[in-house]
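The values are calculated or read from the model by the stated rules, or taken from the named source; none is laboratory data. Quick caveat: nothing in here was measured; it's all calculated off a predicted structure. Virtual Cβ from ideal backbone geometry, glycine too; neighbours counted across all protein chains shown.
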């Protein structure tokens, strides 16, 4: 389960800014049919909102949204996603064996780090072994749980390398899985699997190397770091060894702005070419500006139940608590329309998203009938408590939920806001009977939310919900591919919604204001989208 900074606690900008803008000679970039007269100075200036500085740029550790923005400028990998989240080649093409368990990647022989050091198949073996090495402090190990052959032996110390990773020659990487995993290519769009320079890591040592991104050739992305003025800004210049089509920009000037309100005011004063991550109070004003763009993110806020505990062991109770809530009213009145109310677990933009087959919508009459079918005497309804991290669900929203259950069902629900780290410990211990979960995508595939969080065998299943039909649908999906696989995930989602494994509330939105002279930038389900940066330029203004 991943931390998701949620409105109105927006001073840490919502987590779903996973921006995959890596390099690719054959990649799909945003096309400009007519290129306007370019500005004399091609320097793109914008804020990195919500932080005073970056703590790390080591992609293996599981970067937050602000560091991911930078990481995707300076690192790149075997594959990336296009604007519609389709996986496309970046540094390599691939073949998949008929049994779905062997992936062979053919690297472009011209790929190099920004100092010209060649990238080889062995580079990726080093990078991926490092990701799963306990000394890297990587969250990817628990979040992704990849079925790479030999990975368990590596994690338990029985082997010093992952046997399922083999360099057939300098530019051919073969990956063997223990079972088919149709989501595997999507996983590789996560920056954790982008190439890192072994020489740099070993020279500066594990804990310190990413602080030297301005001194060393750390990555293969479209940019390199010219300077990092801590707590002020970073300057990026084009990578001369980048294999993709070069950017039109001469520089990117990225400023650290901790306060999103300050960032928005500065943008309105003409200090930035674009701004994103606005505070909720600024979003109504932003909507009226030219260049406003918004998109739901690959993220879901939901409530969950432990169905082994009373009264949540009764399906009718779980359904009644769900039918009693007006999500649209919550989104509009409490969150001021900075989220998209939802009855689905899968968010818009995610493969398999099915808007027309929603879950349980507000229906007060149905909610009352269901609750009375189990508790005809409401005085016998046991006391229940909603636990939630105080950084992700506001007390105002918790109170609104509490009032809806009181008004529509006649029951009392206590609220228990918990400090985030303590809440995570309670989640890991499965000690929460009724709680909040904020999920954000590690990679754009329904496996990442439905299988990882709701399979009965998953250690990340917060409520320990179990449904044999759901498990069967997921297992069948992972034995197929294409539309048949997505249809099985849609079936699994409907099972989870009907059985109220999760009670989805909303999907976060990413919003931005893009000046009229900025071209080649848009917003998609992963946040700001720059493609491979080759179409990004500034026109005269």
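Could you please give the count of residues in the stretch 198-223 that are more than 23 Å from residue 164 (Cβ to Cβ) and either surrounded by fewer than 24 Cβ atoms within 10 Å (Cβ to Cβ) or in contact with a strand residue (DSSP E or B) (Cβ under 6 Å, 6 or more places away or on another chain) (or both)? So the answer is 18.
Annotation note: of 36, 54, 17, 78, the sole residue that is surrounded by 17 or more Cβ atoms within 10 Å (Cβ to Cβ), at pLDDT 90 or above, more than 20 Å from residue 241 (Cβ to Cβ) and in contact with a strand residue (DSSP E or B) (Cβ under 9 Å, 6 or more places away or on another chain) is 54. Restricting the stretch 101-133 to residues that are part of a loop (DSSP other than H, G, I, E, B) and either outside the structural domain of residue 222 (by TED's automatic domain parsing) or without any contact (Cβ under 8 Å) to a residue 40 or more places away in the chain (or both) leaves a set whose member that is farthest from residue 178 (Cα to Cα) is 133.
Of the candidates 423, 447, the single residue that is surrounded by 17 or more Cβ atoms within 10 Å (Cβ to Cβ), in contact (Cβ under 8 Å) with a residue 12 or more places away in the chain, part of a helix (DSSP H, G or I) and touching a strand residue (DSSP E or B) at 6+ places or on another chain (Cβ under 9 Å) is 423.
Every condition in (1) in contact (Cβ under 8 Å) with a residue 24 or more places away in the chain; (2) touching a helix residue (DSSP H, G or I) at 6+ places or on another chain (Cβ under 6 Å) is met by residue 479 except one, and the failing one is (2).
Entry remark, the stretch 390-413: residues being touching a residue at least 24 places away in the same chain (Cβ under 8 Å) and in contact with a strand residue (DSSP E or B) (Cβ under 6 Å, 6 or more places away or on another chain) number 5 in total. In summary, residue 305 fulfils each of the numbered conditions (1) surrounded by fewer than 22 Cβ atoms within 10 Å (Cβ to Cβ); (2) touching a residue at least 60 places away in the same chain (Cβ under 8 Å) with the single exception of condition (1).
Of the residues screened, residue 241 is not one that is surrounded by fewer than 21 Cβ atoms within 10 Å (Cβ to Cβ), touching a helix residue (DSSP H, G or I) at 6+ places or on another chain (Cβ under 9 Å) and farther than 20 Å from residue 538 by Cβ.
To keep it simple, each residue is scored yes or no on (1) buried (at least 20 other Cβ atoms within 10 Å of the Cβ); (2) part of a helix (DSSP H, G or I); (3) in the same structural domain as residue 181 (by TED's automatic domain parsing); (4) on the phi > 0 side of the Ramachandran plot.
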residue: 443; (1), (2), (3), (4): yes, no, no, no
residue: 451; (1), (2), (3), (4): yes, yes, no, no
residue: 457; (1), (2), (3), (4): no, no, no, no
residue: 463; (1), (2), (3), (4): yes, no, no, no
residue: 466; (1), (2), (3), (4): no, no, no, no
residue: 473; (1), (2), (3), (4): yes, yes, no, no
residue: 487; (1), (2), (3), (4): no, yes, no, no
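How about the stretch 392-420: which of its residues are part of a helix (DSSP H, G or I), under 27 Å from the mean Cα position of the chain (by Cα) and within 25 Å of residue 320 (Cβ to Cβ)? Scanning the stretch 392-420 gives 395, 396, 397, 398, 401.
Surrounded by 13 or more Cβ atoms within 10 Å (Cβ to Cβ), in contact with a strand residue (DSSP E or B) (Cβ under 6 Å, 6 or more places away or on another chain) and at pLDDT 95 or above: is that true of residue 416 in this structure? Can you show your working first?
Details: surrounded by 13 or more Cβ atoms within 10 Å (Cβ to Cβ): yes; in contact with a strand residue (DSSP E or B) (Cβ under 6 Å, 6 or more places away or on another chain): yes; at pLDDT 95 or above: yes.
Taking the combined requirement at face value, the residue satisfies it.
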